[in-house]
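The values are calculated or read from the model by the stated rules, or taken from the named source; none is laboratory data. Quantities reported herein were computed from a predicted structural model and do not represent experimental measurements. Ideal geometry is used to build each Cβ from the backbone, glycine not excepted, and the neighbour counts take in all protein chains shown. Areas reflect the complete protein model, heavy atoms only, side chains present, ligands, DNA and RNA absent. Shrake-Rupley method; radii C 1.70, N 1.55, O 1.52, S 1.80 Å.
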Amino acid sequence: MNYRLRTLVDTRTQIQKIRIGFDLRIKAIERGASQADEETADEYAKLQDLFDGVETYLDGRIAPLVKQEPIYAQVSAIKGIGTTLAAKLISQIDITRAPHISSLWSFAGQCNDWYWQDGDGSVVAPQRGYQWKGNAKKKVKIEVIPEPKPDWNLVQARERQMSGWHSPYNQKLKTTCYLIAEQFIRQKSAYRQFYDWRHAHCEQTHPEWKPLHRHGDAMRVMMQKFLSHLWLRWRMLEGLEIEGPYVNERL
């Protein structure tokens, strides 16, 4: 993993949020939804320009760095993925730590898992997960298997963050996958065919699902396909072991 690239990308994301915050505040002042005197509004505008300049500077630092990554040429050739999205994706993944395609799916938050559901239908705990134990000076992550209560039932659901439990996925990577999925759909990338197929399939097999549920499921299946191809090509470029049976039979 290129940690310098990851640091620059993370910093850009933080700066972008601040810049967008000033932009929203200025627009609110202009339409009268927020009160501010002329001097304060002018200060907001100067700060917005300042952070916009920092964002542009970081873009200039990130672009040549990400283009040095072997996988960049193939990722950026896909319709819907520009330099910024490619940098966000590549900077969050250490392909050497993903020995299986499912490893990358799980790390990106694109898998289902088993959870305990109480009698009211609320998901209350994972079937098994990790928690931090110890004090602030010394914390240790340990695996925990909850003891189910009599009214609990096991259900399969999308991986999720739960209070008190270590996140089962990388939130930044999951957000990046969502942004890529949106671009695939909006720009009619070749990967959209998987979204359209799954969406139509869900309409037939799960008519009880709400439109947003079908949309989310179709996006997940599309991203699983994309990540499968990414895993395969990236591992090949790095000379890493590839799962023969999975690749031969399913890809």
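Checking residue 238 against (1) open to solvent by less than 30 Å² (accessible area, probe 1.4 Å); (2) at pLDDT below 95: exactly one of these is not met. Which one?
(1)
Of all residues in the range 133-169 being polar (S, T, N, Q) and farther than 23 Å from residue 94 by Cα, which is surrounded by the most Cβ atoms within 10 Å (Cβ to Cβ)? Can you show your working first?
So the first thing to find is which residues in the range 133-169 are polar (S, T, N, Q), and the list is 135, 153, 156, 161, 163, 167.
Then drop every residue that is not farther than 23 Å from residue 94 by Cα, which leaves 135, 153, 156, 163.
Numbers: 135: 6, 153: 11, 156: 9, 163: 4.
For the range 133-169, the residue satisfying everything is 153.
Give the range 95-116 a look and list any residue that's without any contact (Cβ under 8 Å) to a residue 40 or more places away in the chain and assigned to a strand (DSSP E or B), or say none.
If the condition is that a residue be without any contact (Cβ under 8 Å) to a residue 40 or more places away in the chain and assigned to a strand (DSSP E or B), then 116 is the only one that fits.
Quickly run through the range 1-14 and pick out the residues that are of a type in the set (A, V, I, L, M) and over 14 Å from residue 61 (Cα atoms).
Residues of the range 1-14 that are of a type in the set (A, V, I, L, M), as a first pass: 1, 5, 8-9.
Across the range 1-14, the qualifying residue is only 1.
This table checks each residue for (1) closer than 30 Å to residue 91 by Cα; (2) modelled with pLDDT of 90 or more.
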site: 19; (1), (2): yes, yes
site: 23; (1), (2): yes, yes
site: 34; (1), (2): no, no
site: 46; (1), (2): no, yes
site: 61; (1), (2): yes, yes
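Give me a count of the residues in the range 118-132 that are surrounded by 10 or more Cβ atoms within 10 Å (Cβ to Cβ) and in a loop (DSSP other than H, G, I, E, B).
The initial filter retains those residues of the range 118-132 that are surrounded by 10 or more Cβ atoms within 10 Å (Cβ to Cβ), namely 118-119, 123-132.
Narrowing the set further to residues that are in a loop (DSSP other than H, G, I, E, B) leaves 118-119, 127-128.
Count: 4.
Only one of these is part of a helix (DSSP H, G or I), buried (at least 18 other Cβ atoms within 10 Å of the Cβ) and among the aliphatic types (A, V, I, L, M): 173, 179, 212. Name it.
Going through 173, 179, 212 in turn, the sole match is 173.
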